[in-house]
1. Being part of a strand (DSSP E or B) and either in contact with a Pro (Cβ under 7 Å, 6 or more places away or on another chain) or at positive phi (or both) is the filter here; which residues of segment 487-506 pass it?
2. Pairs under 7 Å by beta carbon, first residue more than 10 Å from GLY652 (Cα to Cα) in segment 729-742, partner open to solvent by 20 Å² or more (accessible area, probe 1.4 Å) and aromatic (Phe, Trp, Tyr), six or more apart or different chains?
3. As an exercise: evaluate ARG644 against (1) among the charged types (D, E, K, R); (2) surrounded by 17 or more Cβ atoms within 10 Å (Cβ to Cβ); (3) under 30 Å from the mean Cα position of the chain (by Cα) and give the number of the one condition it does not meet.
4. Identify all residues within segment 350-375 that are open to solvent by less than 60 Å² (accessible area, probe 1.4 Å), under 25 Å from GLU417 (Cβ atoms) and at pLDDT 80 or above; write none if there are none.
5. So, of the residues in segment 679-697 that are of a type in the set (A, V, I, L, M, F, W, C) and surrounded by fewer than 17 Cβ atoms within 10 Å (Cβ to Cβ), which turns out to be farthest from ALA656 (Cα to Cα)?
6. Looking only at segment 656-678, count every residue that is open to solvent by 30 Å² or more (accessible area, probe 1.4 Å), assigned to a strand (DSSP E or B), under 17 Å from VAL733 (Cβ atoms) and not basic (Lys, Arg) and tell me the total.
7. Return the residues of segment 75-112 that are at pLDDT 85 or above, polar (S, T, N, Q) and in a strand (DSSP E or B); say none if nothing qualifies.
Amino acid sequence: MLSFQPPYQTVGGYTLLPDHATEQLRYVVPSTPQLRLKPNGHVDFSLVQYLGGGAGDQKVEGGLLTFSAELTTDLEAIRAQIEDEFELQPVLFDQGAVELIALGTSSLEDSAADRPFDLRVLGSGKPTLDVHNRVSFQLLLDAAGAELVEKLLDAPDLPLVLIYRLQLSGLRPSYNITIDADWEKVYSHLSHRLKANAYYVAADVEVAVEKALEANDISIDITVFGSSEADRTAAAAARQQLLDWVMERMFEPLFSTEPDLAETVVDTVDDLLFSLVRTVVPGVSYRLRSLTQTQIRHFNIRLDETVAERREIVPQGTLGGLFRRFQVDPQGHPNPDWPALRASLVQKVNLNGFPRLEVAVGVEDRFASDGVARVEVELRQPHQQSMRAFTFRTATERHPYIVNLLGIANPLDLPYEYRATIHFDPTHSFGPHGAVQTAWQTGRSSQLFIEPRLAYRVESIQVAPLPTFQFQQFAAIVVDLSYGDQVARLTFQEATPQIWQFRHFETEQPIYQFTVTYLRPEAADAGDITLPTRESTAEILSLPEPAPDKRNLQILVNLPLEGVHVAFLELRYTDEANGIAFDEHINLLDNSRFIRKIYDIADGGPQEIDYRLTLFTNQGLVEGEWRTTPDTRLVVDASLLENRLVTVRAVGGTLAENRLKTVRIHLQQRSPEGTVRAERQVVWDGETAPEEWEFGLGDPPVKTIHVQAMFVDQNGFARRLPWQPSTASHLIVHLQRQELIA
């Protein structure tokens, strides 16, 4: 799955994102839209200006703009610029919209300081969401808009901007951050500091967010193991991740306020610049989102977990700037064919020859998917009494509607209005509901497709375990989801995402409930785990881990690997009380000197992890002892093979319960000739905590030890067991039976 693991590599204006599992795979994020070319090679762009007034004083009264754009990736060009043998794939986006926006100056007195703009959306469309992300526009323009579009053919920096707003899904990496915050107070603080509809550069937004966190006593705990430069970098990265998290949820990314900067592409990104938006669109600005209390209340900040998220990027460019490749050649020389091409892009038509607008009316296909039975559409012209109504039962139906433009002072300003009444199928899985009606909408296009979802919404929730989830411990995951009377049950036996949809009529972000049950295999002794029912508003639901705590283990490898054919470390963890266990083999021949592992364990579960080192060399198999560590650091060196570790444990109750005063265990390592090389004596006269004895194997190596135990009762009488050899790593002293199990 695509990963948002920073830093983000950029090549020739394209951003490369890694895969969470395949090291050599990269997903390519496109950067700048382009005008689409027709099959004959001509640019897909046409501006028709309608002229009015007398024969000698004709002025532009309006226009019809038709063009197509696309957002693609040139994989071959990227391969030519990188040395690594990456497998490249274009990013496929989940959702998207494209807007054509005109910028004007704001009336605010301090506009120069805050860089606010007035926005006017001239039109919007849906991209194809394939490798080309194509979108087509057909827009009626007023007089000012028609003149502005013609001027941009000669002035590429005019503020007419084409903006793609695209969403993509991926894994956000985990960071060692825990946070306790009242996000309503944070948002209120930002709302008082930042003006509505004003745009701010990223650096100013970061300062505002940091002050908001400090002013509201936000507690941020960043856990860093060590004080090296790498550890300090990790701490800074974690704090930057928190800032980006807040910015992505509370702020809306917008195009650059500097037209020339919007076209700029950087080739390198600082290691601490993590925001994906700022990488794809250098110079991006931000505006505070309008959020409801419901949306803020359901903010989720699981930064200590790797979760799937959906992020938005905003590739954009000035519409005039998209003509640059037709105006000059790759070397920057003027294109001699440009004047002829420019002349073919603009046509002027007398308005008297355009007395009406013929509109083809249809409905977006929501019938089967959304449970729509029929759609009734009403159309009218402003300030007129006449009205037409059509009924649609399929998406293939089309009805003509004629807009009479004769005798209207501004015929291309507001040609017609429409509204729709949607009736639902009571037998659909979404359930029955009464008819709903949209507000009156303004139409300009000659192709009108009614969107029934103006009156309701259908939420598509992507549900999935993390790709890293261990299915060895659980046979399946069952998720029960509900929104009102709409319920669903999803079953997972692998990490492949599934989609759950529900229909709602709320103006705010809807809240749904979910319950997760982790099913054990039939042979497992422990029972299933069902987490408490939770609420969420997330579009991507990453199923929470059944074991919420994290067990960190940093492995430092310091082994001479010359002449070694196989080297691996076995890790083993068992928590019988909570039914959690794992067994992992780590290859040590990949030249990694530092390996970090994060394991999911139960709340309050044991910290001890068993480990064993095994090598296969020219001299044969060398296998170390099983050892146990509660530490977060594990040094893997030759001592794990050259030394032997023996653990002595007591079972069968306490000394007092067995009327014992003292227990002594004598351990010896002897040479082949019988001389004592090393020895240890364990004495228990109260507590019987486990004891460890580590000793070198010597030359020649000797693994066998000799053990003797003596039990002294409360009356002073002693019972001594004979010496016995043992190769076991764990020696068990049974106090009740006064036995030594070696």
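1. Listed by number, the residues that qualify are PHE492, HIS504.
2. Taking only residues 6 or more apart or on different chains, the pairs are SER729/TRP626.
3. If we test ARG644 against (1) among the charged types (D, E, K, R); (2) surrounded by 17 or more Cβ atoms within 10 Å (Cβ to Cβ); (3) under 30 Å from the mean Cα position of the chain (by Cα), just (3) comes out false.
4. Result: VAL359, ALA360, VAL361, GLY362, VAL363, ARG366, PHE367, ASP370, VAL372, ALA373, VAL375.
5. LEU697
6. So the answer is 1.
7. GLN89, GLN95
Yes/no per residue for (1) modelled with pLDDT under 85; (2) in contact with a strand residue (DSSP E or B) (Cβ under 9 Å, 6 or more places away or on another chain); (3) surrounded by 14 or more Cβ atoms within 10 Å (Cβ to Cβ):
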site	(1), (2), (3)
LYS38	no, yes, no
ASP44	no, yes, yes
SER68	no, yes, yes
THR73	no, yes, yes
ASP114	yes, yes, yes
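The values are calculated or read from the model by the stated rules, or taken from the named source; none is laboratory data. Not measured: the values here are computed from a predicted model. Glycine gets a Cβ as well: all are built from the backbone with ideal geometry, and neighbour counts include every protein chain shown. Heads up: the accessible areas ignore ligands, DNA and RNA and are worked out on the full protein's heavy atoms, side chains in. Shrake-Rupley method; radii C 1.70, N 1.55, O 1.52, S 1.80 Å.
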